[in-house]
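Participant: Starting off with a structure, shown below.
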Amino acid sequence: MITETRAERRLDALSFFVSDARYGLGAFLGVYLITEHGWDAGSIGAALSIGGLTGLVSQAPMGALVDAVRAKRALIAGATVLVTATCLFIPLAPRFWPVALAGVVGALAGVTIGPTLSAISLGVVGPRRFARRAGRNEALFHLGDGAICLVILLTAPFFGSSVLFWSMGFTMVASVLAAAAVPGRAIDHAVARGLPPGAAPAPGPSAWRLLLGSRPLLAFAFCGALFHLANASMLGLVSQKLALGNLGQGITLTAASAIAAQSVMVPVAALAGARADAWGRRPLLLAAFAALALRGALFTLSDNTAWLIAVQLLDGVGAGLIGALFPVVVADLTRGSGHFAAAQGVVGTVHGVGGVLSAGIAGAMVVQVGYNATFLALAGVAALGGALFWLIMPETRGMVER
């Protein structure tokens, strides 16, 4: 019990610090390239799509790797180092192909971080307590991300864009130390794969066969793809809009937008983890679609800086719920398969199709029809995803798919 308690505290630290590496520079990359190097939204979308496509096709094999290896703490530490290194490379060669190549390498490492953290967590607490632990992981992830954004908000006016890269270096070191501090003996590696305690891996259907053979898992994958198609580019677009309307303040206002969202994501993710077993997963996920559709529509009502940042609060509802419940739903539907991380990979691949298309399509739409029409289109996609989720996705609480 002492070891498990210590492991959970170390998981808290890892969830907090790994936030800066999980998605690299995120929306800050687009603002940095626009304000420091004169890129346009179309070029940014194209470059990010290349890395996004790499992450897309690598999620399933990297998830299988997470299931297979016992050195999961070393895996998440190494992935954090590699993602950070690719981000630190960008200022040295801020041209299209070097940035795209850095995105490719970073994507290969970045897609392992979430499944590895979830697998370690499942191996420590077991399936009964996993929903609460997953919500706590997500809440601490957003708390860490918000803390870093606050540091950037306060220091960027004085030190410029260099604070983006210094912050990544600091959180990389902290993440590696936190991963090393998780007691290895506290992790049941069979449970971490989605098997019963102490069970040996046995031949079974691949993660892709699990997906194709489970209607609930397919429904979750398809509806999630629509959510990410609508969501993935929204923060980047509003950050670009803020940067163009407030010259010289792009990074500061992007940080403010991210902080607004993170301030809501923390309690929402914690609530999702705490109440998912009592309320069920389905109503919470429906609320995520509703918040996303409303957010896209509200962005079109005003170009006022305070309004745009205030609307960004709704990102905290949608992303907080989806982030907390994604590994929980996958665990519900794959229990006993031994392919928990690989299944996260294949479902994440389908979700990622939406994310990759979002970056490219939204960037091109902004060039052709402007920001407001693009936001309305994204809101429509979110509404469609929510309607389909309500029609075809069952409640997964207590459900076991073999």
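The values are calculated or read from the model by the stated rules, or taken from the named source; none is laboratory data. Note that the coordinates shown come from a computational prediction; the quantities given were computed from them, not determined experimentally. Using ideal geometry, Cβ is built from the backbone for each residue, glycine included, and neighbour counts are taken over all protein chains shown. Just the protein is used for accessible areas: all its heavy atoms, side chains included, with ligands, DNA and RNA removed. Shrake-Rupley method; radii C 1.70, N 1.55, O 1.52, S 1.80 Å.
Participant: With labels modelled as points extended 7 Å from the Cα through the Cβ direction, what inter-label distance (nm, one decimal) is found for residue 376 paired with residue 128?
Facilitator: Result for the modelled spin labels: 5.4 nm.
Participant: Okay, moving on. List the trypsin sites (Lys or Arg not before Pro) in the stretch 1-98 that DSSP assigns to loop (not H, G, I, E or B) and whose Cβ has at most 16 other Cβ atoms within 10 Å. Which are they? Walk me through the numbers before you get to the answer.
Facilitator: On the way: sites: 6, 9, 10, 22, 70, 72, 73, 95; in loops: 70, 95.
Taking the stretch 1-98 and a limit of 16 other Cβ atoms within 10 Å, the loop trypsin sites (Lys or Arg not before Pro) found are 70, 95.
Participant: What would the Debye formula give as log10 I(q)/I(0) at q = 0.14, 0.15, 0.20 Å⁻¹ for the alpha-carbon point model of the stretch 75-209, no solvent?
Facilitator: The computed values of log10 I(q)/I(0) come out as -0.80, -0.89, -1.25.
Participant: Could you check which residue among 368, 344, 59 shows the biggest mean-square fluctuation in a GNM of the chain with a 10 Å Cα cutoff?
Facilitator: 368
Participant: For all pairs of alpha-carbon atoms in the stretch 1-153, what percent lies in each bin of width 10 Å, listed from the first bin to the last filled one?
Facilitator: Spelled out per bin, shortest first, that is 11, 36, 33, 15, 4, 0.
Participant: Relative to the first principal axis of the alpha-carbon coordinates of the chain, what is the inclination of helix 72-89, with its axis defined by its Cα atoms, in degrees from 0 to 90 and to the nearest 10?
Facilitator: 10
Participant: Take the solvent-accessible surface of the protein heavy atoms, probe 1.4 Å, and return the percent of it on the stretch 114-165 that carbon and sulfur atoms account for.
Facilitator: Using a 1.4 Å probe with all protein chains present, the stretch 114-165 comes out at 67 percent carbon and sulfur.
Participant: Shifting gears a bit: Taking the Cα-to-Cβ direction at residue 287 and at residue 57 and moving 7 Å from each Cα, how far apart do the two end points lie in nm?
Facilitator: Inter-label distance under the simple model: 3.9 nm.
Participant: Here is a further query. On full extension of the chain, what length is gained from residue 301 through residue 367, given 0.36 nm per residue of separation minus the C-alpha to C-alpha distance?
Facilitator: 21.8 nm
Participant: Right, something else. Relative to the first principal axis of the alpha-carbon coordinates of the chain, what is the inclination of helix 41-68, with its axis defined by its Cα atoms, in degrees from 0 to 90 and to the nearest 10?
Facilitator: Around 10 degrees separate the two axes.
Participant: Quick one: check the C-alpha center-to-center distance for the stretch 270-286 versus the stretch 307-363, whole angstrom.
Facilitator: Centre-to-centre distance over Cα atoms comes out at 15 Å.
Participant: Still on this structure, please answer the following. Given contacts defined as C-alpha pairs under 8 Å and at least six residues apart, what's the relative contact order of the chain, whole-number percent?
Facilitator: 29
Participant: Right, here's the next one. Return the inverse of the average 1/r over all pairs of distinct C-alpha atoms in the stretch 230-374, which is the Kirkwood hydrodynamic radius, in Å to one decimal.
Facilitator: Values: mean 1/r = 0.0609 Å⁻¹.
The Cα-based Kirkwood calculation yields 16.4 Å.
Participant: With percent of Cα pairs over 36 Å apart defined as stated, name the option among [x] 17; [y] 51; [z] 35 computed from the structure displayed.
Facilitator: [x]
Participant: Nearest 10 degrees, 0 to 90: what angle lies between the long axis of helix 2-17 and the longest principal axis of the chain (Cα atoms)?
Facilitator: Result, in degrees: 20.
Participant: So, one more: So the label point goes 7 Å from the Cα of residue 85 along Cα→C-beta, right? Which residues of the stretch 17-42 then have their backbone N under 19 Å from it?
Facilitator: Flagged as within label range: 18, 20-25.
Participant: Oh, and also: At 0.36 nm per residue, minus the direct Cα-Cα distance, what do residue 209 and residue 161 gain on full extension? Give it in nm, one decimal, please.
Facilitator: Extra length from residue 209 to residue 161 when fully extended: 12.7 nm.
Participant: Hey, in the GNM for the chain with a 10 angstrom Cα cutoff, which one of 193, 215, 282 fluctuates hardest?
Facilitator: Evaluated over the chain, the most mobile residue of the options is 215.
Participant: What distance in nm lies between label points placed 7 Å from Cα along the C-beta direction at residue 384 and residue 100?
Facilitator: 2.7
Participant: Kindly report the accessible area of the stretch 16-78 per residue (heavy atoms of protein chains, probe 1.4 Å, no ligands, DNA or RNA), in Å². List each step's numbers first, then the result.
Facilitator: Numbers: 2430 Å² over 63 residues.
Computed with neighbouring chains in place, this is 39 Å² per residue.
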